[in-house]
Every structure is written in structure tokens, then in C-alpha cells.
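What follows is a set of notes on a single structure, which appears directly below.
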Amino acid sequence: MKQRLARVWDASAGRHLLLALLGLVVVVLVVESVSDFRNVQLASLAYLGIAAGGLTVLTGLNGQISLGHGALMAIGAYTAALMLQDGEPPIPLLGIVLVSMLVALAVGTLVGVAAARLHGPYLAGATLALAVAVPGIALRFGETLGGEAGLRVRLPDIPEWVLDAAYFVTGSELTRSSYVAYLAWLVLLVTYVLLANLSRSRVGRRWRAVRDDEVAAELAGIGLGRSRVSAFMVSAAAAGAAGAVMAFAVRLAAPSGFTLTLSLTLLAAVVLGGLGSLTGALVGAALLTFLPDVVTDAGRSAGLGDIRAAELAPLVYGLVMVAVVLLAPAGLVGTVRSAAARRRARSSRSGRDTTPDRRTTHTDAAPTGAVPTSKGDVR
């Protein structure tokens, strides 16, 4: 059994790694073919996708509702901003992302342990308090954290070896916006590979067992509190990485960027894409990133002013949210997968219906003198 599980793990890990490599090729093609403005949008999509992926683990796989992931992103962003105040950090940007993950992981562990016995609206209320309280810390310690204005993020110069490698691969000079986009998507791909492998492991199966039936999971020997804390830790680490990438992309860590609206936005992305699906989390993040601009441009084309066109975006976003909840309660990706599964089931049933019954044919062709048993079987 252990060898079989190891083969399944290796197959899943290899498939996830192959998909990540294909995704990296797509990222290179897209980043090199779009403008700097679109690269900034791609970086925004990346950090929203990272945070939504972590929230998918917490909400979709473990069944915990969190409204405080914007606060965990703020912890990662301020950690990165503090490390970049001198302009030339002692470690590379990927190392800063790792440090931000560890700091957010420590905070998430404390919050997860404190809220281990809470679930449903009680957990949502506790994390809501976290989302409201954390941005106020920057105002309380304004001398260190910049107060309402926040901290400016000073990105260091692009390393020479990165410039040379980018020119060797793409044949073009690497701009700062494309550099941040590459960095953001590299973090996203690594995060998604780790989360996907973790969800397929024994830990992921425990998370799903607790989500589906707490009583049955406890009878099976699964510690409910330990499962909830571990899911919150993984989700907090992803939020910390997303906050660091957000600081790189926005070049600012300020309380106004980490309000309750950000936490609700992440939860909306998970619901739109489909609970429990990393692909759905990325699709939901893409809708949140590109839908406002598409709607605003459509409003301008229809003759609306800039203000009216900008006000049209939240309306359309709300209508899309309501339509998805009513027509596709499993989310966009979940609905597509369910439809594909039903189609495969219908095709397999139709295939079985057209296959001749070998047992009946054998019975009809039984030689004379055979002794039939019950229900038409032949001995």
C-alpha cells in the first residue's frame, strides 16, 4: 500500500511540475508580447492568485471561512518593505519573499491556535477582527511603519546575471515591470505546485475529511484542532508571499491597501472560481484583475464619462457575482468540471448499453446437458 501511494504521489508531483513548466513558458511568451502596463496587471493577477490559492486551501479544502487574509498580506508586505528600505537588501528578492512567508506563518500559527475551536461564523468574526486591527498597527507605530502614507518600497537594481539570462532567452532587454511580473509568476507557480502536491498528500486528505464530516474524521483518529491549525498555517504562508509580491508590484505598503475590502475580494475570487480548486482561484483572480478595466473601457466606448465608466465596473462585477452564485453555485471551474463528468458518465453508460451481454450469449449457447444454476448462470 505504501508503494502504491508513493507511485500516486510521484505521478501527481510530476504532473504538477510539468504543468508548472508549461505555465512558465506561457508566462514568458505573454510577458514579452504585452506592454509594461499589462505586465503590472499580470503582477497584480499573480499576487491575488497566490493569496486566493492559500485561501482555497483553508476554505475549500478545510472548510474554514477567513475574512482576515488581507491582514496577513499586510504582514508580508510590511516585512518586505522594511527589508527594502535601504534599497540594497542583504538577500535577493526571492529570499525576501521567503522571510515574509515565515513572518506571516508565525502570525498565522498564533491566530490558528487561538481560533482552533472556532468554526463557521465564529471563525469569520475572529478573522474579521484581525482584518480590522492589523492596518491600525501601522498608524499606531507611524515612525517605523510610515503611518497613513505607508512605506515606499525601493526595489534594488536588476542583477546582471538576470539581465543576461533574460536577453539570452527572449532576445530583448528586461524592463523593471517585466522583471517584477516574472518574479511574481515564478512565486505563483512554485506556490501552486506546493499547494497542489500538499492537497494530494495525506495532510490534504485529512483536511477534506474534516471539511466533509467532523464527527467521522474524529472517529477515524484525525485531530480536528491540529488539522485546522495546519490549514491556517499553510494559508497564512501563502498570504505572506502574496503580500511581499504585492509590495514589489505596487512599490508601496500602506494601510489603505489592506482594508477589509481586500479580504472580501479574495473570498469573492475563491467563490467565483470554485471552492477547493487552485485553477478556480486563478480564474477568480483573473476576473477581479481584468473585469474592471474591460467594463470601464466598454463604458467609455458607449459614451460615458470617465467617472461614470469607472462606477459601472462595480455594478457589473456584482451582477457577475450574483449570476455565478445562482447559475453556477460550484463556481466557474467547478461547474465546468461537473458538466464534463456528467458527459463522461453518459457516454460510458451509452457504451455499456451498446455492448452485448456476454453472459446471456454464453447461456444461450450452452451445450446440451449442462446443468443451469440459479439466475441463469452456467456451471
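Only the coordinates and a few stated rules stand behind these numbers; no lab work does. A quick note: this is a predicted structure, and the numbers were derived from the prediction, not measured. Cβ placement follows ideal geometry from the backbone for every residue including glycine, while neighbour counts extend to all protein chains displayed.
Kindly establish whether residue 134 is surrounded by fewer than 21 Cβ atoms within 10 Å (Cβ to Cβ) and closer than 20 Å to residue 250 by Cα. For residue 134, the condition - surrounded by fewer than 21 Cβ atoms within 10 Å (Cβ to Cβ) and closer than 20 Å to residue 250 by Cα - is met.
All of (1) part of a loop (DSSP other than H, G, I, E, B); (2) farther than 18 Å from residue 240 by Cβ hold for residue 41 with one exception: (1). For region 310-347, a tally of residues being farther than 21 Å from residue 286 by Cβ and either in contact with a Pro (Cβ under 9 Å, 6 or more places away or on another chain) or surrounded by 12 or more Cβ atoms within 10 Å (Cβ to Cβ) (or both) returns 1.
Look at region 174-187: where a residue is without any contact (Cβ under 8 Å) to a residue 40 or more places away in the chain and a partner is assigned to a helix (DSSP H, G or I), sitting 6+ places away or on another chain with Cβ atoms under 6 Å, you get 174/163; 174/166. Taking residue 83 as the residue in question, decide whether it is buried (at least 23 other Cβ atoms within 10 Å of the Cβ) and within 25 Å of residue 182 (Cβ to Cβ). So residue 83 fails the test.
Look at residue 177 and say whether it is buried (at least 16 other Cβ atoms within 10 Å of the Cβ), closer than 25 Å to residue 118 by Cα and not charged (D, E, K, R). In short, no. Condition first: over 16 Å from residue 72 (Cβ atoms) and small (Gly, Ala, Ser). Now tell me which residues in region 216-247 satisfy that. Across region 216-247, the qualifying residues are 216, 217, 220, 221, 223, 225, 227. Test residue 164 against the criterion of being assigned to a loop (DSSP other than H, G, I, E, B), charged (D, E, K, R) and out of contact with any strand residue (DSSP E or B) (no Cβ under 8 Å at 6 or more places or on another chain), and give yes or no. No; evaluated as a whole, the condition is false for this residue.
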